[in-house]
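Engineer: If you scroll down you'll find the structure; I have some questions about it.
The values are calculated or read from the model by the stated rules, or taken from the named source; none is laboratory data. What you are looking at is a predicted structure, and each value in this text was computed from that prediction instead of being measured. Counting neighbours? That spans all protein chains shown, and the Cβs are built from the backbone with ideal geometry, glycine included. Side chains included, ligands, DNA and RNA excluded: accessible areas come from the protein's heavy atoms. Shrake-Rupley method; radii C 1.70, N 1.55, O 1.52, S 1.80 Å.
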Amino acid sequence: IFKSSRVARVPAQTMSVLAGHLSAIAAQPSHRQSHAAASLHVLERARRRLAAQGKAGVPLAGTPVGRAMTAFKKTAPKYAPAAPTAPEVSRPPPAVEEPPKLQRRAFMLLPEIDGDDPMGDTEDESSTCASTLASLCDVRPYEEKKTDRLRRLLDRVKRAESFVLEEAAAPKIMHLHAGGHQIPHPRKVHKGGEDSYFSSEFGLGVADGVGEWEPRFGVNPRAFADQLMLGAKEVLEGAMGDNASLAGLPAPSLALEAVDRGYRTTTAWGSATCCVAALAASDRVLGIANLGDAGARVVRFGSNGAPTVVERTVEQQHSFNCPLQLTRLPPRAEWNSCRARGFGELIAAIEGGTHQDLPSSSALYSFDVQEGDLVLLGSDGLWDNLFEEELLEVLEQTVYAQFTLMDASRAEEEDAYLSRIGVAARRAPRQRALMVDPADVAAAIAQKTFSRSLTVGGRTPFADNAERAGSFYRGGKPDDITVVAAWVTRQ
């Protein structure tokens, strides 16, 4: 409730006036007395906390309780503090008690309070929220149904408060809970396409083998992509194991090292674009090395569950539809043997001059991530056909819609699942999203992308890029589609 980053501060003078009025009400026996005393307690807690921070005023305005207190203050002048020398007057309660105005105002704000996450960012904020709601429940109810609603909300806040304590004591090591999905080009279904990917708890990768190698040179383009991804995965797993030389690297450097060492372990000839992500678990940083037109996005779900793209990579192109590509060519010492084995056209192309991109050409990124973020990696088949707005629509249908429909009957199942993947049980939007299998998320995105790739006419990212390059193109671009989705979770 006292989130200074979101609300204006009540001036110290106004705070003193409000405290005086509440003191006067608390001193007079009435049905408002207990609530005034509780409100004074809340106000004093805020005053002490701000005084310790060297700040003046109470950050109440703009919050549900703040607005309720503002409305209450308008009725308070008739309870002016008595002079110190005047004897205390005991007033019996009226014969017919009217509903307390502050409680009535709080009831009016219940839908707004219910719609927000009642847990503050700190233990102190949660305790303040809990004590405020407790004071509302202590007031003599004028409508039992609404008071029960307040008590349920108080229970919710208390559960959130206990989660704050658990979160503060829990380890901060982050992991990736990942899954992937592939849909090959319609003409390459028989061989499974030419994309490759890997996923682990500390890293992800996508590689798109260049299909031109097969019809022109008789080389399987997927073999190079598979070897590249296998080598990169082994590097990342070694960095989290006993490889001390990699353990201290920043996340972007670790991702680049995975691409570089993975490339050096390849033996197959070929070319591929690639995107590798490495998670620095203790620093909550996702490092990405991207070469070509593959890419990554980080999606964050707000307090209302709506997804937003907060981080993204940018594709690398030599020219339109000519991305940077890692390339493995036969060394000069093997050219004669290659000709003897029927690869004369390949050697002729190399002798004629071939550009070769290396891992050092990769663009590096460093993204701060937090628990509940969704990391998405995809080959160009995804990013050429689906706009970010369409991507978020898919997530709203597959993630947001699913966890908002969960009910209390699934509470035990949900807690068990979250515990199994290393997340504290807490049914808030961001954590409830983790209930959705990342493989299902990747499949939904891939299916939507495949559908868009087969459309004739209309705008697509590839069509827009073609227009900017001076070419004309409309509709989707059929291609291999690979999507890897990963939740950022805490052990």
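Engineer: Could you check how many residues of region 218-231 are farther than 29 Å from Glu371 by Cα and either open to solvent by 30 Å² or more (accessible area, probe 1.4 Å) or out of contact with any helix residue (DSSP H, G or I) (no Cβ under 7 Å at 6 or more places or on another chain) (or both)?
Structural biologist: 8
Engineer: Within region 282-299, count every residue that is farther than 13 Å from Ala363 by Cβ and either in a helix (DSSP H, G or I) or open to solvent by less than 10 Å² (accessible area, probe 1.4 Å) (or both).
Structural biologist: 3
Engineer: Which residues, counting only those in region 463-478, are touching a Gly at 6+ places or on another chain (Cβ under 9 Å) and either open to solvent by less than 20 Å² (accessible area, probe 1.4 Å) or of a type in the set (Gly, Ala, Ser) (or both)?
Structural biologist: Once the filter is applied, which keeps residues that are touching a Gly at 6+ places or on another chain (Cβ under 9 Å) and either open to solvent by less than 20 Å² (accessible area, probe 1.4 Å) or of a type in the set (Gly, Ala, Ser) (or both), region 463-478 yields Ala463, Gly475, Gly476.
Engineer: May I ask you to list the residues in region 200-254 that are within 27 Å of the chain's Cα centre (by Cα), modelled with pLDDT of 90 or more and in a helix (DSSP H, G or I)?
Structural biologist: Met229, Ala232, Lys233, Glu234, Val235, Leu236, Ala251, Pro252, Ser253, Leu254
Engineer: Follow-up. Within region 331-350, track down each residue that is assigned to a helix (DSSP H, G or I) and either open to solvent by 60 Å² or more (accessible area, probe 1.4 Å) or in contact with a Pro (Cβ under 8 Å, 6 or more places away or on another chain) (or both).
Structural biologist: Arg332, Ala333, Glu334, Asn336, Cys338, Arg339, Ala340, Glu345, Leu346, Ile347, Ile350
Engineer: Next up: Restricting to region 351-361, count the residues that are open to solvent by 30 Å² or more (accessible area, probe 1.4 Å) and assigned to a helix (DSSP H, G or I).
Structural biologist: Adding up the residues that qualify gives 3.
Engineer: Quick check on region 444-462: of everything there that is open to solvent by 60 Å² or more (accessible area, probe 1.4 Å) and assigned to a loop (DSSP other than H, G, I, E, B), which residue is farthest from Val314 (Cα to Cα)?
Structural biologist: Val456
Engineer: Pairs please, first residue from region 460-488 and farther than 14 Å from Leu377 by Cβ, second anywhere and among the β-branched types (Val, Ile, Thr) and buried (at least 19 other Cβ atoms within 10 Å of the Cβ), Cβ atoms under 6 Å, 6+ apart in sequence or on different chains.
Structural biologist: Between residues of region 460-488 that are farther than 14 Å from Leu377 by Cβ and residues that are among the β-branched types (Val, Ile, Thr) and buried (at least 19 other Cβ atoms within 10 Å of the Cβ), the close pairs are Gly476/Thr460.
Engineer: Another one. Of the residues that sit in region 180-215 and are farther than 22 Å from Tyr263 by Cβ and charged (D, E, K, R), which one is least open to solvent (accessible area, probe 1.4 Å)?
Structural biologist: The qualifying residue least open to solvent (accessible area, probe 1.4 Å) is Lys188.
Engineer: For Lys188, which of the numbered conditions (1) modelled with pLDDT under 95; (2) in contact with a helix residue (DSSP H, G or I) (Cβ under 7 Å, 6 or more places away or on another chain) fails to hold?
Structural biologist: All conditions pass for Lys188, except number (2).
Engineer: Can you name the number of the only condition in (1) under 20 Å from Asp480 (Cα atoms); (2) without any contact (Cβ under 8 Å) to a residue 60 or more places away in the chain; (3) open to solvent by 60 Å² or more (accessible area, probe 1.4 Å) that Arg264 fails?
Structural biologist: (1)
Engineer: OK, next. Say we look at region 362-395 and pick out the residues that are part of a loop (DSSP other than H, G, I, E, B) and at pLDDT 95 or above; which of these is surrounded by the most Cβ atoms within 10 Å (Cβ to Cβ)?
Structural biologist: Only one residue fits best here, namely Ser379.
Engineer: Contact list please: Cβ distance under 6 Å, first residue in region 347-361 and on the phi < 0 side of the Ramachandran plot, second residue assigned to a helix (DSSP H, G or I) and surrounded by 10 or more Cβ atoms within 10 Å (Cβ to Cβ), pairs at least six apart or on different chains.
Structural biologist: What qualifies is Ile347/Trp335; Ile347/Cys338; Ile347/Arg339; Pro359/Val259; Pro359/Asp260; Pro359/Tyr263.
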